[in-house]
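Only one structure is covered here, and it is reproduced in the block below.
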Amino acid sequence: MTTVAGKLGAGGMRFALIVSRFNRFITDRLLEGAIDTLRRMGAAESDLTVLWVPGALEIPALARTVARAGAHDAVVCHGAVIRGATTHYDHVCIAAVGGAAEVALEAEERGVVVTTGILTTENLEQAIERAGSKSGNKGSDAAMAAV
């Protein structure tokens with residue numbers, strides 16, 4: 001049996017961190033978690049680029065543009081979609097998460113990793129739990145997955 005094990009390290013990697021302004025009280029925490037994780041893994045401040053979009057719907061389009069440009073090794077997407085009283089939630093979740101997944105498959109062919117820390121939650125409490133409390137920080141998890 002052959003075992004190959006590597007060391008996780010972000011040194012020398014360039015990261016684009018795409019963040020939704022909508023529900024910013026949650027997405028700020030996701031971003032903070034991602035940046036903290038990448039710094040701890042050796043990423044230089046100069047290798048982190050934060051790009052803001054209005055909402056989760058805009059994340060996949062910018063992720064595709066960034067991945068195609070080839071200036072970054074990884075694109076880490078952050079958003080928070082919290083269920084409301086209409087079906088709008090369902091449409092946004094499908095478009096944002098599905099779109100990011102589609103971009104990830106396309107970008108992989110170019111050697112660019114795309115990960116998602118886009119939360120899709122039933123309520124604010126669940127979003128808070130996933131942005132740094134009980135359930136950890138999904139922004140940090142998405143950054144770790146990118147490395």
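The values are calculated or read from the model by the stated rules, or taken from the named source; none is laboratory data. The shown structure was predicted, so the numbers you read here are calculated from the model rather than taken from an experiment. Virtual Cβ from ideal backbone geometry, glycine too; neighbours counted across all protein chains shown. The accessibility values were calculated without ligands, DNA or RNA, using every heavy atom of the protein model including side chains. Shrake-Rupley method; radii C 1.70, N 1.55, O 1.52, S 1.80 Å.
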Qualifying residue in the range 110-118 (condition: surrounded by fewer than 21 Cβ atoms within 10 Å (Cβ to Cβ) and of a type outside the set (A, V, I, L, M, F, W, C)):
yes
Kindly indicate which of Leu17, Leu51 is open to solvent by 40 Å² or more (accessible area, probe 1.4 Å) and under 14 Å from Cys77 (Cβ atoms).
Leu51
Taking interchain pairs and intrachain pairs at least six residues apart, which have beta carbon atoms under 6 angstrom, with the first residue in the range 105-116 and under 21 Å from Gly79 (Cα atoms) and the second surrounded by fewer than 21 Cβ atoms within 10 Å (Cβ to Cβ)?
Val114/Ala104; Thr115/Ala145
Residues of the range 98-147 satisfying the condition of being part of a strand (DSSP E or B) and among the hydroxyl-bearing types (Ser, Thr, Tyr)
Thr115, Thr116, Thr120, Thr121
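A quick yes/no check of all residues on (1) open to solvent by less than 30 Å² (accessible area, probe 1.4 Å); (2) over 17 Å from Leu17 (Cα atoms):
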position: Gly42; (1), (2): no, no
position: Val66; (1), (2): yes, no
position: Ile94; (1), (2): no, yes
position: Ala146; (1), (2): yes, no
What are the pairs, 6+ residues apart or on separate chains, where a residue within the range 6-32 that is within 26 Å of Glu129 (Cβ to Cβ) and among the β-branched types (Val, Ile, Thr) has its Cβ under 6 Å from a residue that is open to solvent by less than 30 Å² (accessible area, probe 1.4 Å) and not in a helix (DSSP H, G or I)?
Ile18/Cys77; Val19/His78; Ile26/Ala80; Ile26/Ala131; Thr27/Val19; Thr27/Ser20; Thr27/His78; Thr27/Ala80
Can we say Ile128 is in contact (Cβ under 8 Å) with a residue 40 or more places away in the chain, β-branched (Val, Ile, Thr) and either open to solvent by 70 Å² or more (accessible area, probe 1.4 Å) or in contact with a Pro (Cβ under 8 Å, 6 or more places away or on another chain) (or both)?
yes
Consider Asp73 against the criteria (1) within 22 Å of Gly12 (Cβ to Cβ); (2) touching a Lys or Arg at 6+ places or on another chain (Cβ under 6 Å); (3) surrounded by fewer than 21 Cβ atoms within 10 Å (Cβ to Cβ); (4) without any contact (Cβ under 8 Å) to a residue 60 or more places away in the chain: it satisfies all of them except one. Which criterion is unmet?
(4)
Give the residues of the range 20-40 that are touching a helix residue (DSSP H, G or I) at 6+ places or on another chain (Cβ under 8 Å), open to solvent by less than 100 Å² (accessible area, probe 1.4 Å) and charged (D, E, K, R), sorted by residue number.
Asp36
